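Values quoted throughout were computed directly from the atomic coordinates according to the rules given, and no laboratory measurement underlies them. This one's a predicted model, so the numbers in the text were calculated from it and none came from an experiment. Every residue, glycine among them, receives a Cβ derived from its backbone with ideal geometry; neighbour counts consider all protein chains shown.
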Amino acid sequence: MAMNKTAATAAVPVRGVSIRNFIDDAFKGLDLNKDGVIGRAEVFETLGPLGKEPLLAFVVNQIIGRFDGNKDGSIAQSEAVSVLGRLDSDQDGLLSLPEIRVASIELVGLLAPLVPPAA
Ligand SMILES: [Ca+2]
Ligand SMILES: [Ca+2]
């Protein structure tokens, strides 16, 4: 039992997800033309056929809009740092579980335009 517990502790980041690593991974995966910014087209190319699903396309566009601070249609590293940095409420460079929870609640908020107004 003690060994299992050690293995589990090693697999799960104890204090949270490193924002720096998260952004590095995201740009490695999504910046297809390596120009240093993630464009809307790159995100949809990565999604492939999934990007044609209207609901998913809507959510992805909402998320891109949230990150794209200067509204030029692409996400620069500095824009990602600034959005994720706002979630890092204790400013330790890590997103802890409670901080990620806040982020998921905000994500659900992005879907609000889809909910028809109460009659
Ligand atoms: Ca790019
Ligand atoms: Ca931008």
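Count charges around Leu32 for me, please; just the other residues with Cβ under 11 Å from its Cβ, Lys/Arg as +1, Asp/Glu as -1.
My count for the surroundings of Leu32 gives -2.
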(request) Starting from 0 in steps of 5 Å, tell me what percent of the Cα-Cα pairs of the chain lands in each bin. (result) 2, 10, 16, 18, 20, 14, 9, 6, 4, 1, 0, 0
(request) Would you mind telling me which residue in Asp35, Asp24, Asp88 has the biggest mean-square fluctuation in a Gaussian network model of the chain, where springs connect alpha carbons within a distance under 10 angstrom? (result) Asp35
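Sequence gap at least 6, Cα distance under 8 Å: using those rules, report the relative contact order of region 16-113 to the nearest whole percent.
After rounding, I find 32 percent.
Counting other beta carbons within 10 Å of each Cβ, put Asp25, Asp31 in order, fewest first. Can you show the working numbers first?
Details: Asp25 12, Asp31 18.
With the sparsest Cβ surroundings first, the list reads Asp25, Asp31.
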(request) Compare Leu107, Leu94, Leu50 in a GNM of the chain, Cα atoms joined below 10 Å, and give the one with the largest fluctuation. (result) Leu50
